[in-house]
1. For region 168-186, what are the residues that are out of contact with any helix residue (DSSP H, G or I) (no Cβ under 9 Å at 6 or more places or on another chain) and touching a residue at least 60 places away in the same chain (Cβ under 8 Å)?
2. Tell me yes or no: at least one residue of region 131-147 is in contact with a Phe, Trp or Tyr (Cβ under 7 Å, 6 or more places away or on another chain) and either free of Cβ contacts under 8 Å to residues at least 40 places away in the same chain or over 28 Å from Leu94 (Cα atoms) (or both).
3. Of all residues in region 174-186, count the ones that are more than 22 Å from Glu78 (Cβ to Cβ) and either polar (S, T, N, Q) or outside any strand (DSSP E or B) (or both).
4. Checking Val341 against (1) among the β-branched types (Val, Ile, Thr); (2) in a loop (DSSP other than H, G, I, E, B); (3) touching an Asp or Glu at 6+ places or on another chain (Cβ under 8 Å), which single condition isn't satisfied?
5. Restricted to region 357-373, and to residues that are at pLDDT 95 or above and small (Gly, Ala, Ser), which residue is farthest from Asp404 (Cα to Cα)?
6. Is there a residue being modelled with pLDDT under 95, among the hydroxyl-bearing types (Ser, Thr, Tyr) and under 30 Å from Pro236 (Cβ atoms) anywhere in region 110-120?
7. How many residues does region 361-384 hold that are of a type in the set (A, V, I, L, M) and part of a helix (DSSP H, G or I)?
8. Select from region 328-347 the residues that are aliphatic (A, V, I, L, M) and either within 17 Å of Phe430 (Cβ to Cβ) or modelled with pLDDT of 95 or more (or both) and list them in ascending order.
Amino acid sequence: MDLKLALPKGRLQKATANLLRRAGLNFNDYEQGNRLYRLSSPSLPHLFAKVFHEKDIAVQVAIGNYDLGICGLDWVEELLTKYPSDAVVKVRGLGYGRRKLFAAVSSFSNLSSPQELRKGDGPIRLVSEYPHLAEAFALELRLPNFRVFPVWGAAEAYPPEQADLVLISTGSAEDLVRLNLLPVKRILEGEALLLANRDSLENEDLSGLLSALYKVRLEEEAEEPVEASLDVGSPPKGENLVYLALPDGHQQAPTSSFLERAGLELPGYSPLLARRPSPKLPRLAVKVIRPQDMPLQVASHNFSLAITGKDWLLDHLARFPSSPVEEITELPFGQVRLVAVVSQELGVNSLADLRALLQSGKLKFLRIASEYVNLADRYARENHLAPYKVIPTWGATEAFLPEDADLLIENTQTGKTLAKHSLKIIDTLFESSACLIGHPDDLRQESVSEIADILCRGI
């Protein structure tokens, strides 16, 4: 039986490739920028390796899909905080990828200590990519009233206006200062870890692979420079400001062009230089965050308006059907299709074929991988694909087929990337584009409706 190793892409990839090379596991295609996900090593022909987003690896090892994996301690602890289990064994620290997880407040906030946090009148708003660790920290601190907002990233952008407290991973406390944050407490400190599934350790012969990795003398790795964070800036001055959320990532450039057509000048957004661009419009305040996070933020009154994707709005509404967030208008960019995707190896060409395969018993249950977990769950229910389970992912979802999932709910523009990975589309859920969303209560305010009208000029 092949042994299975889960490897990280992104920040740990270069140092992990060096470790594997010194161990004699020459994965020649494991390098940054390479979109290959399946790797083999000539020195261990029975070893199969796959490349994942780092956040997914601890989960993959925990459920037994992979015998060994490499990821940061922070993501292991995030998993174990919510789901305590002995299925994940921390085998060895690897000497690189050192990070610290801090609870921090804005340097512009009047909160600077646990005592002050506990004395607040309203709920303490915590924002983090680590929602389970954030909740555990709030309970440990005995905050009488708190709310955790999970985000996909850019957590440093939220304080002090949209969050009181942030749990954030950085290289050092000095990095927090550059983000206009002050540490309240260091939650944990760790490095990249070699993980193992306990059942694999007890029942599989991992000796060859572990021996190769253990014989490597851990050297002080030169830390990869952390990608420079956007300038956070200082909170805008003024009262009754209208907060607009704009997207970062690949939607930033078309959004910037759209805003120019609307006549809205935003120095710092094009080119993208700051989390708080400086609008030349009175009473408007802008922040740049992840589009995935915008529907929840608007529903929570943290922003009055936002430009996101209709796919993320519908995923939010699939979980919270009565959520107080509405689409104001579609926007003429960001067009993608949300599709159901299978491996060409599965031998199905339609949703009906997939349902028949499941009902025949040839599939015990359907494994659905997606970043759109709520839409994926609804799609399975509405199309009678039981039994099934949804596997949340953080990106590179096409890597999951066919070994670790049977079906993807994924977005695509042309389908070419899917075809390159021997995948095929069997159904289209809907077509999506960018859209302007808002909170209906806020839209009743003249100042908010005026900004919405200005934005609509770009259509």
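1. Gly171, Ser172, Ala173, Val177
2. yes
3. Counting residues in region 174-186 that are more than 22 Å from Glu78 (Cβ to Cβ) and either polar (S, T, N, Q) or outside any strand (DSSP E or B) (or both) gives 4.
4. (2)
5. This residue is Ser370.
6. Yes: one or more hits.
7. 4
8. Ile328, Leu331, Val336, Leu338, Val339, Ala340, Val341, Val342
The values are calculated or read from the model by the stated rules, or taken from the named source; none is laboratory data. These numbers were taken from a predicted model, which means no experiment stands behind them. Note: ideal-geometry Cβ built from the backbone for every residue, glycine included; neighbour counts use all protein chains shown.
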